[in-house]
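The values are calculated or read from the model by the stated rules, or taken from the named source; none is laboratory data. If you're wondering where the values come from, they're calculated on a predicted model, not measured in any experiment. Here Cβ is always computed from backbone atoms with ideal geometry, including for glycine, and neighbour counts include all displayed protein chains. Remember, those area values only see protein heavy atoms, side chains included, never the ligands or the DNA or RNA. Shrake-Rupley method; radii C 1.70, N 1.55, O 1.52, S 1.80 Å.
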Amino acid sequence: MNDTINIFSVTDDNYAPYCGVMLTSVFENNKNHSLKVFIFISKPLTKRNQNKFHKLEIRYGNSIEFINVDDDSIRRLSIANKWSIATFYKVFAGDLLPESIHKILYLDGD
């Protein structure tokens with residue numbers, strides 16, 4: 001297997017099915033790579049959605065990690081009302097991801 005490819009995305013319970021389809025496609029088309037996925041969420045997903053992502057991990061042998069983001073700290077920014085909160089997840093990804101990550105690919109779930 002080649003080096004690990006790091007990917008991050010943003011989802012919630014409403015978009016979890018679309019994020020799952022996107023990840024299935026990525027996993028299916030990159031079987032020769034080890035993939036580590038970081039998914040930013042502002043509140044825990046339902047058990048049903050968590051289980052679906054866990055099944056993807058097992059089926060493809062890749063890793064999916066959820067990172068809880070504190071929306072309140074983002075809402076306090078003076079420019080926070082100009083864009084969606086999820087936009088700021090992308091802006092602050094470097095601060096939210098583990099320090100060991102030096103390169104990452106952002107993929108939108110929809």
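Couple of notes before you dig in:
- Angle in degrees between helix 47-60 and the longest Cα principal axis of the chain, rounded to the nearest 10: 40
- Exposure ranking of 15, 89, 106 by accessible area [1.4 Å probe, largest first]: 15, 106, 89
- Dipole magnitude (debye, nearest 20) for the chain, charges at Cβ of Lys, Arg, Asp, Glu: 220
- Above-threshold pairs, the threshold being 21 Å between Cα atoms, out of 52/103; 31/52; 36/90; 52/90; 36/103: 52/103; 52/90
- C-alpha long axis of helix 16-28 to longest principal axis of the chain, angle in °: 40
- Springs between Cα atoms under 10 Å define the GNM used for the chain, and in it the highest mean-square fluctuation of 39, 58, 67 occurs at 58.
- Accessible surface computed residue by residue for the chain, with neighbouring protein chains in place and a 1.4 Å probe, gives 65 Å² per residue.
- Whole-angstrom gap from segment 89-109 to segment 1-49, using each part's C-alpha centre: 13
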